[in-house]
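The values are calculated or read from the model by the stated rules, or taken from the named source; none is laboratory data. Predicted, not measured: the structure shown is a model, and the values here were computed from it. Counting neighbours? That spans all protein chains shown, and the Cβs are built from the backbone with ideal geometry, glycine included. We work out accessible area using only protein heavy atoms, side chains counted, and drop any ligands, DNA or RNA first. Shrake-Rupley method; radii C 1.70, N 1.55, O 1.52, S 1.80 Å.
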Amino acid sequence: QVQLVESGGGLAQPGGSLTLSCATSGILFTIKAMAWYRQAPGKQRELVATITRAGTTNYVDFVKGRFTISRDNAKSTVYLQMNSLKPEDTAVYYCNVAPWGGPSSWGQGTQVTVSS
């Protein structure tokens, strides 16, 4: 049974930082490329960053230089360090398998709100 449990969201001021975590089980984590996605109010879910099983990372343009994705294979956990946050980063953030790997059922996500 697949479980994806995101945590670490909250309220941050513009320019602030948050670190998200995603504990996984049931998805053969060590052989899967993983990703963070987000869904803002009234918008479709979108890809934010990916990381291969070897640790190669990729980011969409709007977070490059600000966000860092990482993983701990021993803990089956993926992280997203978010710096220089902007109000437009406000969204529910989800982790899952990378798009080319066939994302599984979604977890509940973690809310990130950036506001002064």
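Observations, loosely collected:
- Residues satisfying the stated conditions in the range 1-50, i.e. without any contact (Cβ under 8 Å) to a residue 40 or more places away in the chain, open to solvent by less than 80 Å² (accessible area, probe 1.4 Å) and among the aliphatic types (A, V, I, L, M): Ala49
- Leu80 falls short of the stated requirement of being touching a Gly at 6+ places or on another chain (Cβ under 7 Å) and within 17 Å of Val5 (Cβ to Cβ).
- Qualifying positions in the range 56-85 - open to solvent by 60 Å² or more (accessible area, probe 1.4 Å), outside any strand (DSSP E or B) and at negative phi: Thr56, Asp61, Phe62, Lys64, Ala74, Lys75
- Exactly one residue out of Gln13, Gln44, Gln3 is touching a Gly at 6+ places or on another chain (Cβ under 7 Å) and polar (S, T, N, Q), and it is Gln3.
- Residue match in the range 87-100 (condition: open to solvent by less than 70 Å² (accessible area, probe 1.4 Å), farther than 20 Å from Ser21 by Cβ, out of contact with any Gly (no Cβ under 8 Å at 6 or more places or on another chain) and in contact (Cβ under 8 Å) with a residue 12 or more places away in the chain): yes
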